[in-house]
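Novice: Starting off with a structure, shown below.
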There are 2 protein chains.
Amino acid sequence: MVAHMNAVALARTIETGDAWFYSRSRGTLWRKGESSGHVQRVIEIRVDCDQDALLLRVEQRGEGACHTGRRSCFYRSLNLAQPADGPISLTFVDADKVFDPDKVYGRPMKR
Amino acid sequence: MVAHMNAVALARTIETGDAWFYSRSRGTLWRKGESSGHVQRVIEIRVDCDQDALLLRVEQRGEGACHTGRRSCFYRSLNLAQPADGPISLTFVDADKVFDPDKVYGRPMKR
């Protein structure tokens, strides 16, 4: 998964060992798994050369990280054989749902 | 490594099989490896659930992807045992230089 952190989210992640992020749309900190229970325990955090990206290696508690019910958010592959100037088509890969998001999040939403 | 793509960079990546990106600071498209020769041949592109992030699986031609001379840009790990409110310290991990950036890029620069 990909999410945004600010300085407070990073400090809280280091302090607690749980992955915390910052929602730019909502303007709030959030702990991964606070709704779903699918907490991420942090094993390692790496920073990239220009120090504007972090790579978290985590132990994913619960069934999956993606709000759509999949283990990973990256469950679709781009068809690379398609004409570059046309619409891009996608193929589902590793896309089995490992949990029911309506049950986990408590209300139907667009996924 | 992490880099930005726009629609043209993505189309050119699909068309050529080489990873193309878009530099927001320079306002130009760039092909990974155009200076260094360290081209990335694309094996697979995945898109995330909300379709604002792409994950490229590539064959890295040449020694490494990072402009600092490392294979990966993520060659430093955050010390997780440090106090959360203090400065963050880093440890070098998998940080051996696999090429000399001054030789590859032709002039000394800050890395």
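None of the figures in this text is laboratory data; all of them are computed from the coordinates on show. Just so you know, these numbers come straight off a predicted model, no measurement behind them. Counting neighbours? That spans all protein chains shown, and the Cβs are built from the backbone with ideal geometry, glycine included.
Novice: Over the whole of A:53-60, what's the average partner chain Cβ count within 10 Å per residue? Rounded to a whole number, please.
Specialist: Neighbouring Cβ atoms belonging to other protein chains average 2 per residue here.
Novice: Here's another thing I want to ask about it. With angles folded into 0 to 90 degrees, how steeply does helix A:7-16 sit against the dominant principal axis of chain A? Use alpha carbons for both and round to 10.
Specialist: Computed tilt is about 70 degrees.
Novice: Which of the three applies to segment B:9-48, rounded, prolate or oblate, going by the alpha-carbon gyration tensor with a ≥ b ≥ c and a/c under 1.5 meaning rounded?
Specialist: Values: a/c = 2.01, a/b = 1.21, b/c = 1.66.
Oblate, because a/c is 1.5 or more while a/b does not exceed b/c.
Novice: Something else: Determine the calculated [θ] at 222 nm for chain B from helices alone, applying -39500 (n - 2.57) to every DSSP H run no shorter than 4 residues and normalising by the residue count; nearest 500 deg cm²/dmol.
Specialist: -3500 deg cm²/dmol
Novice: OK, next. What does the charge add up to near B:Val2, with Lys and Arg as +1, Asp and Glu as -1, over the other residues with Cβ less than 13 Å from its Cβ? Spell out each step's value before the answer.
Specialist: Details: positive: A:Arg46, B:Arg24, B:Lys32; negative: A:Asp48, A:Asp50, A:Asp52.
Around B:Val2, the charge tally is 0.
Novice: Shifting gears a bit: Sorted from shortest, what are the nm distances separating the label point of B:Leu29 from equivalent points in the other copies, each placed 7 Å from Cα along Cα to C-beta?
Specialist: Those label-point separations list as 4.3 nm.
Novice: Work through the residues other than B:Asp85 whose Cβ is under 11 Å from its Cβ and net out their charges, Lys, Arg +1 and Asp, Glu -1.
Specialist: 0
Novice: Mean 1/r over all different Cα pairs, inverted: what Kirkwood radius does segment A:64-108 give, in Å?
Specialist: Result for segment A:64-108 stands at 12.0 Å.
Novice: Cα gyration tensor of the protein assembly as shown, axes a ≥ b ≥ c as square roots of the eigenvalues: rounded (a/c below 1.5), prolate (a/b > b/c) or oblate? Before the final figure, lay out the partial values.
Specialist: Details: a/c = 2.15, a/b = 1.17, b/c = 1.83.
Oblate shape, in that a/c is at least 1.5 and b/c is the bigger or equal ratio.
Novice: When you look at the Cβ of every residue in B:40-51, what mean number of other chain Cβ atoms sits within 10 Å? Could the numbers behind the result be given before it?
Specialist: Details: counts 0, 0, 2, 1, 5, 8, 11, 8, 9, 14, 6, 4.
Across B:40-51, the average partner-chain Cβ count within 10 Å equals 6.
Novice: Using the crude model of +1 on Lys and Arg Cβ and -1 on Asp and Glu Cβ, and no other charge, please compute the dipole size for chain A relative to its Cα centre, in debye to 20.
Specialist: Result for chain A is approximately 440 debye, rounded to the nearest 20.
Novice: If you don't mind, another one. In Å and on Cα atoms, what radius of gyration and Dmax does chain B show?
Specialist: Values for chain B (Cα only, Rg and Dmax): 16.1, 48 Å.
Novice: Okay, next question. For the rotation bringing B onto A, which B residue has its Cβ nearest the axis, and at how many Å?
Specialist: Residue nearest the B-to-A axis, with distance in whole Å: B:Val2, 5.
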